[in-house]
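Reading through the structure tokens given below for one structure.
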Amino acid sequence: MRRREFITLVGSGTIAWPLAALAQQPAMPVIGYLHSGSYEAFAHLVPAFLDGLKDLDYVEGQNVAIEYRWAEGDYRRLPTLASDLVRRQVAVIVAAGGTPVAVSAKAVTKTIPVVFLTGADPVRLGLVSSLNRPGGNLTGIAALNTAAVSKRLELLHQLVPAANVIALLTNPANPFSEFEERELREAAHALGLILQTMNVTNETEIDATFADMSRKRIAALVVSPDPFLMSRRDQLAKLAIRYAMSAIADRREFPTAGGLISYGTNQAEASHQIGVYVGRILRGARPAELPVQQVVRVELVINLKTVRALGLEVPDKLLALADEVIE
């Protein structure tokens, strides 16, 4: 064999061998992370999700990749963003932004596993056949916000017993809103209160709605468990203080931002569990056989600085029940 031919063969082999070896390496699975809110408002929940993945030995950038999609509070974008993840052929879709995301993800795929977080009954929404055996390509976490609706109204009534008209600030684009309004109306009737529903879909409407509630002398407000509304929690907290309104929301991020009080699911814990479920699916578990986890533990958080700003007095019994008091 001539020297030049030998060099050519060796050179070809040294190039071809690594390519063949790379071809035998398993492709890194890709997770599609879809949220109806904005990165700025909800990025603090991503680490909890990543910790859940780590429980199953999946680490972003090492043995799993993640494609993030944020709807920025515009639920009309969700079908397009979900379809984009389907075209990307992700291994799992995380519907982390509440009920609207779960509904959108279900509409675009019947094969890719979807792990959702919703505050409504996923069976009534048609997301799964049953909680114990979902039966399709969806499973996830049910935060039981509907069950906590009446309790939020009760807590607000304890703080402002003189307020006989309660406003519900809600986003009609969220399918959960109709469930919540029904539950809250029944709870208000039982307490002898009048409920007024105030619909908002953008930040400009929020400003106008607070001014309208002030003209109507509404002094107490329930903020709906809606990702868009929670993405505007700083705005809501400031407006509530400006117009002397006592407001309660479903998550601790609200009083942390300066709001009065919250009662509901710890979203970080729920995000962690989503990560665990995604890891189990990547390991081969079928969504149809993974029961929908029900979050039963709720937390009560009170911001005492806002209590003082509003001139309120918190009953000792309520303070004793609080999981956290922000000074």
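Assorted remarks:
- Here V123, V128, V108, V94 are screened, and the one residue that is assigned by TED's automatic domain parsing to the domain that holds R280, under 20 Å from F49 (Cα atoms) and aliphatic (A, V, I, L, M) is V94.
- When the residues of region 299-316 are filtered to those that are touching a helix residue (DSSP H, G or I) at 6+ places or on another chain (Cβ under 6 Å) and not in a loop (DSSP other than H, G, I, E, B), the one that is farthest from I248 (Cα to Cα) is A309.
- Residue check for K151: at pLDDT below 95 and part of a helix (DSSP H, G or I): yes
- The listed residues are E40, E60, E72, E67, and the only one of them that is among the charged types (D, E, K, R), at pLDDT 90 or above and closer than 18 Å to Q267 by Cβ turns out to be E40.
- Residue that is basic (K, R), touching a strand residue (DSSP E or B) at 6+ places or on another chain (Cβ under 9 Å), modelled with pLDDT of 95 or more and within 23 Å of E289 (Cβ to Cβ), where the choices are K110, K106: K106
- Contacts under 9 angstrom Cβ, first residue in region 225-251 being free of Cβ contacts under 8 Å to residues at least 24 places away in the same chain, partner in a loop (DSSP other than H, G, I, E, B), 6 or more apart: K238/A257; K238/G258
- Selected residue (criterion: surrounded by the most Cβ atoms within 10 Å (Cβ to Cβ)) from residues of region 112-151 that are within 24 Å of I166 (Cα to Cα) and polar (S, T, N, Q): N145
The values are calculated or read from the model by the stated rules, or taken from the named source; none is laboratory data. Since this is a predicted model, take the numbers as computed values, not measurements. Every residue, glycine as well, gets a Cβ built from its backbone with ideal geometry; the counts of neighbours run over all protein chains shown.
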